[in-house]
Amino acid sequence: MSKLNSTLESEVGPSVSNGPGSLDVVDKLLIRLLQEDGRMSFTDLAREVDLSQNATRLRVQRLRQSGIIDIVAITNPLTLGFETMAMAGIEIDGPLRETAAMIDTIPEVSYVAICSGRYDLLVELVCDNDSQLIEIVDQRLRSIPAVHRVELFTYLDLKKQTYSWGTR
């Protein structure tokens, strides 16, 4: 398998081995293949990584259980009846992590990032319509004591949404 490892390493980079979440070249290739096609069968995956089907299944299971990967269907909410999506830049006067955790409980929030720069948090909202967006901002976000300012960037269209950045 050393020739395969050499080929894989040139395609997906060297192995990472710093603890429980360590990835070798086979793990990285499995991730890349599943990012391209999350429905790829274990038989096809096994053939690509030169392992048995059972060994491949166990590796994918380990990657899922460790939280390294999650296999889901990715949708464009604007094509599913949600009329309004927005990114909210939020300035916080208070504890960032605690405020982020409070915002994370709002069902219409799909993404929360603590960041540097002009805003302390970036929050993505997926709403049924503009009225629901206004209600969430006015009644829920602004009612959180540490929220100082909310600036909305309403999406007019969603042109690219990808989760295929690969591995290092």
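The values are calculated or read from the model by the stated rules, or taken from the named source; none is laboratory data. Every value quoted in this text rests on a predicted model; they were computed, and no experiment measured them. Note: ideal-geometry Cβ built from the backbone for every residue, glycine included; neighbour counts use all protein chains shown.
Among the numbered conditions (1) over 30 Å from Val26 (Cα atoms); (2) in contact with a helix residue (DSSP H, G or I) (Cβ under 9 Å, 6 or more places away or on another chain); (3) free of Cβ contacts under 8 Å to residues at least 24 places away in the same chain; (4) of a type in the set (Gly, Ala, Ser), the only one that Ala86 does not meet is (3).
Looking across the stretch 79-113 at every residue that is more than 15 Å from His148 (Cα to Cα) and among the β-branched types (Val, Ile, Thr), the one that is surrounded by the most Cβ atoms within 10 Å (Cβ to Cβ) is identified as Thr84. The combined condition, being exposed (fewer than 13 other Cβ atoms within 10 Å of the Cβ) and closer than 14 Å to Thr154 by Cβ, is not fulfilled by Ser116. Scanning the stretch 106-122 for residues that are within 19 Å of Ile134 (Cβ to Cβ), of a type outside the set (D, E, K, R) and not in a strand (DSSP E or B) yields a count of 2. Checking the stated criteria, Asp93 turns out not to satisfy the condition of being touching a residue at least 40 places away in the same chain (Cβ under 8 Å), over 14 Å from Leu23 (Cα atoms) and in the same structural domain as Asp27 (by TED's automatic domain parsing). Against the numbered list (1) outside any loop (DSSP other than H, G, I, E, B); (2) of a type in the set (A, V, I, L, M); (3) farther than 15 Å from Leu158 by Cα, Leu78 comes up short only at (3).
Residue by residue, here is whether (1) under 16 Å from Leu125 (Cα atoms); (2) of a type in the set (Ser, Thr, Tyr); (3) in contact with a Leu (Cβ under 6 Å, 6 or more places away or on another chain) holds:
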{"position": "Thr75", "(1), (2), (3)": "yes, yes, no"}
{"position": "Thr79", "(1), (2), (3)": "yes, yes, no"}
{"position": "Ala88", "(1), (2), (3)": "yes, no, yes"}
{"position": "Gly94", "(1), (2), (3)": "no, no, no"}
{"position": "Arg97", "(1), (2), (3)": "no, no, no"}
{"position": "Met102", "(1), (2), (3)": "yes, no, no"}
{"position": "Thr105", "(1), (2), (3)": "yes, yes, no"}
{"position": "Glu108", "(1), (2), (3)": "yes, no, yes"}
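When Val126, Val147 are screened for being of a type outside the set (Ser, Thr, Tyr) and within 17 Å of Leu78 (Cα to Cα), only Val126 passes. The set of residues in the stretch 23-70 being surrounded by 12 or more Cβ atoms within 10 Å (Cβ to Cβ), part of a loop (DSSP other than H, G, I, E, B) and over 16 Å from the mean Cα position of the chain (by Cα) consists of Asp24, Met40, Asp50, Leu51. Screening the candidates Ile134, Ile144 for the property of being at pLDDT 95 or above, in a loop (DSSP other than H, G, I, E, B), surrounded by 11 or more Cβ atoms within 10 Å (Cβ to Cβ) and β-branched (Val, Ile, Thr) yields one hit, Ile144.
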